[in-house]
Amino acid sequence: RRAGRTRETREVMRMAADGALIVVDWEVPAEAAAGGKEDERPDVTEPGGIDRPVVLIVHGMNNDSTFGYVRSMMRTAADRGWIAACMNMRGQDGLGRVRNATPRGYNAGFTGDLRGVVERIGHRLRRKASPAGELDVYDGGPVFLVGYSLGANIVTKYLGEEGLHGTLPPYVAGGCALGNPLRIHSGTIGFPWNVVLGAGVKRSILQNLPSFARHHDPGYRRAMARALLAPTIGRLDDAASPYLVRNDNFPPYAQSIGYEDGEDYWRDSSSHRYVPSVSVPLLQVAARDDFIVFGQFARNLDRCLESPNVIVVKTRCGGHLGGQESP
């Protein structure tokens, strides 16, 4: 870490819907927008404390804010004078200090936590003095969303849900989705990656076992036991699906619990159903040698072409999130 260039801040947000704890790691540039002094960095946790663009990052499956590709993107944004933040999905703390406060972990289709974090950031944007009756005039912002892999699917789904109904906050200016499969179907992932990804989810379940153990419903406990014994990510999703957290895809995006089965979960989670409704510029980036998601991405590419706001970039190489280097 280059001392003095940025300031790192960790914040724990409690979601209003169910009390889930979401850890947000911030990286703030040294100079303040107004005075340019290194000791006048904006306080991003206070109302009106955000006076510049924000890059909000959503990490990939079984990852968190400590992973290299996340740290690289945060440092790149902060070095350019922007505020960088990474939303650790529920149960994914990175440092092992904040445990999941609910018996529900993250999944590929739940956009409620991202929606809550975006709204919190919106309340902290500095507003301009404006004529009476003129609303939503900001000095702070705008907010750009960057998602990786499963996080890319969540970002795309969120932008599509909000775009479809005209509810996207005005300070959200665009997004970037890297390694987005577009269509979620864990049953199509081949060996050995179906086993490797499943092992990562099991590790997350075990790390948050004290929270999950507080749920005394026998059906829930049996489902978690079957999930832990499942040999692949597809079988794990199918076992856990009746107890996964989800949200409606229409306002007010109410939170609820459970899918009929894995197929129902995969269908609801797939962002290719929502990408035609994206209403702000969205960059979709995929590498041809991405052995995990490129096949699904290519087969659903036509849905991206339905939206004039979506730009697709296919790189020759880079693998799955392997094409980013630290400056």
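The values are calculated or read from the model by the stated rules, or taken from the named source; none is laboratory data. Because the structure is predicted, anything quoted here is derived from the model rather than measured. Every residue, glycine among them, receives a Cβ derived from its backbone with ideal geometry; neighbour counts consider all protein chains shown. Surface areas here come from the heavy atoms of the whole protein model, side chains and all, with no ligands, DNA or RNA. Shrake-Rupley method; radii C 1.70, N 1.55, O 1.52, S 1.80 Å.
Summary table below
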quantity: Residue within the stretch 73-81 that is surrounded by 18 or more Cβ atoms within 10 Å (Cβ to Cβ) and in contact with a Lys or Arg (Cβ under 7 Å, 6 or more places away or on another chain) present; calculated: no
quantity: Spans of strands (runs of 3 or more DSSP E) in the stretch 243-302 with at least 2 residues within 29 Å of A173 (Cβ to Cβ) and open to solvent by less than 30 Å² (accessible area, probe 1.4 Å); calculated: 245-247, 282-287
quantity: Residue match in the stretch 225-237 (condition: acidic (D, E) and outside any helix (DSSP H, G or I)); calculated: no
quantity: The lone exception for R214 - which of (1) touching a residue at least 24 places away in the same chain (Cβ under 8 Å); (2) open to solvent by 50 Å² or more (accessible area, probe 1.4 Å); (3) in a helix (DSSP H, G or I) it fails; calculated: (3)
quantity: Selection status of Y220, touching a residue at least 40 places away in the same chain (Cβ under 8 Å), more than 24 Å from T188 (Cα to Cα) and open to solvent by less than 60 Å² (accessible area, probe 1.4 Å); calculated: yes
quantity: Some residue of the stretch 303-311 being assigned to a helix (DSSP H, G or I) and either touching a residue at least 24 places away in the same chain (Cβ under 8 Å) or of a type outside the set (A, V, I, L, M, F, W, C) (or both); calculated: yes
quantity: Residue satisfying all of: in the stretch 105-140; touching a Phe, Trp or Tyr at 6+ places or on another chain (Cβ under 9 Å) and modelled with pLDDT under 90; nearest to G160 (Cα to Cα) among these; calculated: D136
quantity: Odd one out for G36, checked against (1) assigned to a loop (DSSP other than H, G, I, E, B); (2) at pLDDT 95 or above; calculated: (2)
quantity: Every residue from the stretch 168-200 that is over 12 Å from I292 (Cα atoms) and surrounded by fewer than 21 Cβ atoms within 10 Å (Cβ to Cβ); calculated: L168, P169, P170, Y171, A173, G174, G187, V195, A199, G200
quantity: Residue within the stretch 172-187 that is over 18 Å from I57 (Cα atoms) and either in a helix (DSSP H, G or I) or without any contact (Cβ under 8 Å) to a residue 24 or more places away in the chain (or both) present; calculated: yes
quantity: Within the stretch 227-236, tally of residues that are open to solvent by 20 Å² or more (accessible area, probe 1.4 Å) and under 17 Å from R104 (Cβ atoms); calculated: 1
quantity: Of residues in the stretch 303-314 being surrounded by 15 or more Cβ atoms within 10 Å (Cβ to Cβ) and more than 26 Å from G187 (Cβ to Cβ), the one modelled with the lowest pLDDT; calculated: S307
quantity: Single unsatisfied condition, G91 versus (1) modelled with pLDDT of 95 or more; (2) closer than 30 Å to G295 by Cα; calculated: (1)
quantity: Selection status of M87, of a type outside the set (D, E), outside any helix (DSSP H, G or I) and touching a residue at least 60 places away in the same chain (Cβ under 8 Å); calculated: yes
